[in-house]
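Contents: one structure, followed by commentary.
Taken together, the values in this text are just the output of simple stated rules run on the coordinates, not laboratory data. Because the structure is a prediction, the values reported are computed rather than measured. Every residue, glycine as well, gets a Cβ built from its backbone with ideal geometry; the counts of neighbours run over all protein chains shown.
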C-alpha cells in the first residue's frame, strides 16, 4: 500500500512529464500545425496498454484514448519480441488509429526487473501523409488508399537502430518530406526526454512503488466514476444524431445511442447506426468508445485526472461494418466528425437521465480546411491547414463562449497566428472576426463562431475541406435554437462560388490567384426558449455586435427604440412569435424507421404551415433535452384529435420525445432540402 503523500508526488510527476513533452515538441517541431496549432497530444502508458497520465485540458482525448488500441495492436503483432531501444509507429484506423494524418510514436520502456514499464507515447498530426489531395484529408475520398500512407504497427527503431529503409519509403510518399522528417525527429526527441524523466523516478522511488502508484491512481479514478454513475436515474435512454454524407446531395447518416444506466455502470450500444459509407465519414474501433467516454467523463466527473481506471465502468458496443466500426477499405478521414456525432448522440440520451442539465451542441468536427500547391519561392509543396474553432453551447445559467476549443477538444489554438501564416505561406489574412448572429438563440445564447478571410497570392493551389454541420446546424437544447452552420466558400471577382455541391465536402477545388477563401465556423446551440431571454441581455448582445437588431426582433422578440427595448412593443412581438409556432400531435406510424436519417410524415396542413416538402429536415423541440431531427418522407392523411395537425414517427422516435405517443410537440423547419449558400 503506497502512502498518500508519495502517491500525490508521483501523480504530479507523471503529469509534469507529459507537460514537459508538450513543451519539447512545440519547440522542436518543423511544421506550423504542431508548433503553432499544437495538433498533437502526449501521454504516459503502461505495459497493460493503460493510460497512466495525460495533461488535463491540453492533450486531446481523441489522440490519447485510442493509444490503448494502438498499443494492443503492437503487442498482438510483436508479442514478446519487444526489446529496450525499440520504437514503433502506427496510424492505421482499423487497428486503433484515428485518421492517417495522426501518427503515433510508441516508445516502450522496461523496468530493472525486465517487465514493460511506464513509457511515453506521442500522437501528432502530420500535415500530409500522401493521398489524392494536399493535406491528405478530402471530403470526397471513397477508399482509404486515397487518404495517404497506412502505417500498421511497425518497428521503426530496432534496439536503437533506425529502420532507414522503412522511413525512406514512408517519407517518399508524403508531400513536404523535410517537414515530415523534422516532425518525426521532434517526436523522437520528445519521447527520449520523457524516458529520462521516468528513469529518474525509478532511480528515486523504485519500480515497485511506481507500479503501486499507477494501480492506486487507476482504482481511485474508477471509484470516482462509479460514484458519479450511481447518482444518475437508472434506466435505458435512446437518442440519435446525424452526419452529412454524400457528394452531390445530402445523404444523411445516423448514429443511434442506447445508453443503459444500471447501478454503477453505463453501457452504450450503438446498434442501429448507419452502415459504413463510401465517403470519409467512418471510423475504426477506437473512436466511438473515445467519444462516449469523453462526453460521459465531461458531464459526470470533469474535475479529476484522466486515466484508464475511469473507463472501467463503461462498456461501448460498436457493431462491425458500421460507420462507428468500419472495415477496410473504408476511408476514415472524417473520424473527428464521427466521434463528435457519437458524443452528440450520447449527450442527447444522457440528457434524459440528467433532467436537462446539458449544454447546446458544438460545431461538429475538425473543420479541416487545406490550401496546398507549389510555393512560389521554393517550388516545394506548401500546405496551409486551418481548423477554425466555433462557439460552445449555452447552458442553464450562462451563454456559450465565443470561438474557443470545447471540452471535447484539447487546448489547441483557435486559429494559427496571422504572422506565422503569412511568413510561411503565399496567402494574406484579410479579416478575422466574430461571426454575428451565429450563436444559437436561447434564454442562454450559444457562443459565436468566427469569420476568416484568406487571399490566395499564388497560382496552382487547391482547396480541400472536410467538415460537418455545414448543412445541419448544431442543435439547441431545452427549447433553444440551433447555431449557424459551418461554411467554406470562395469569393472570386466579387462573386460567391460554392466549391462543392455538398457544403463541407470539398476535394482539390482549383483556386486562382486573387481568390479569397472564407472560413465561417458555426456557433454553439442555445439553451432554453429565446423569448425568455432577458431583454437587457439582448440589448447588450446588439451593442457588442453579437446579434443584429433585425435578429433581436425576429428571433428574440425584442423591439429596440434608440438602442433600448420598447417594453410594450416587445411584449406584443413576443406574443406574436409564440402564436406563430407550429405545434403538432406526434403519433406512431409504420415504415418510418430508417438507418440513414429519421423519417417523418406530416399532415398536409402541417407541411404547409412549416413550408416544407419531401426531403426537408424538421426539428421536434424537446423542452428538457436535445431535439429530435427528422426528414420529411411524405404527406400523411392522418388527423389528430379535434382535427389537429399530425406528425407520424416510428415508435422508437416517439420514445425520444418527452411527450411520447399522442403528445403535442413544437416543430421547426430546419432545412428545406435544397442546398444553397
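Just a few scattered comments:
- Mean projected area in nm² (Cα convex hull; one quarter of hull surface) for segment 327-449: 10.6 nm²
- Using the alpha carbons alone, the radius of gyration of segment 534-579 stands to its Kirkwood radius in an Rg to Rh ratio of 0.94.
- The relative contact order of segment 550-652, computed from alpha carbon pairs under 8 Å that lie at least 6 residues apart in sequence, is 30 percent.
- 25 °C / 0.890 mPa s Stokes-Einstein diffusion coefficient of segment 421-465, Kirkwood radius on C-alpha pairs, µm²/s: 190 µm²/s
- Convex hull volume of the C-alpha atoms in segment 34-133, normalised per residue: 111 Å³.
- For segment 494-641, the Kirkwood estimate of the hydrodynamic radius, built from every pair of different alpha carbons, is 19.3 Å.
- Between residue 457 and residue 578, the C-beta separation translates, for a Förster distance of 41 Å, into a calculated FRET efficiency of about 0.20.
- Spin-label proximity, residue 624 to segment 207-238 - amide N less than 13 Å from point 7 Å beyond Cα toward beta carbon: 233
- The convex hull around the C-alpha trace of the chain, projected and averaged over every direction, spans 29.9 square nanometres.
- Net lengthening on full extension, residue 537/residue 172 (0.36 nm per residue, minus Cα-Cα): 125.7 nm
- Take every pair of alpha-carbon atoms less than 8 Å apart whose residues are at least six positions apart; their mean separation over the length of the chain yields a relative contact order of 12 percent.
- Each pair of Cα atoms in segment 4-220 enters the Kirkwood radius, and Stokes-Einstein at 4 °C and 1.567 mPa s then converts it into a translational diffusion coefficient of 74 µm²/s.
- Sequence ranges 89-101, 449-461, 16-28, ranked by mean other-Cβ count within 10 angstrom, highest first: 89-101, 449-461, 16-28
- Its DSSP H runs of at least 4 residues, each contributing -39,500 (n - 2.57), put the calculated 222 nm mean residue ellipticity of the chain at -8500 deg cm²/dmol, to the nearest 500.
- Residues 341, 332, ranked from the fewest to the most other C-beta atoms within 10 Å, line up as 332, 341.
- The ellipsoid that matches the Cα gyration tensor of segment 186-301 has semi-axes, each √(5λ) in whole angstrom, of 38, 25, 9, with the longest given first.
- Between the beta carbons of residue 569 and residue 304, assuming R0 = 41 Å, the FRET efficiency works out to 0.25 to the nearest 0.05.
- Sites residue 544 and residue 513, calculated FRET efficiency, Cβ-Cβ separation with R0 45 Å, nearest 0.05: 0.75
- With N the number of residues in segment 164-235, Rg(Cα) / (2.2 N^0.38 Å) evaluates to 1.91.
- Remark: 297, 357 ranked as 357, 297, counting other beta-carbon atoms within 10 Å and listing the fewest first.
- Modelled spin labels at residue 163 and residue 143, positioned 7 Å past Cα toward Cβ, are 2.5 nm from each other.
- Percent of Cα-Cα distances greater than 19 Å, calculated over segment 382-533: 54 percent
- From least to most packed, judged by other beta carbons within 10 angstrom and beginning with the fewest, 35, 556 follow the order 35, 556.
- DSSP bridge orientation in the chain - percent antiparallel, rounded to nearest 5: 85 percent
- With 10 Å bins from 0: P(r) over segment 99-179, alpha-carbon pairs, percent: 16, 42, 27, 12, 3, 0
- Rg/Rh for segment 581-671 stands at 0.91; both radii use Cα atoms, and Rh follows the Kirkwood definition.
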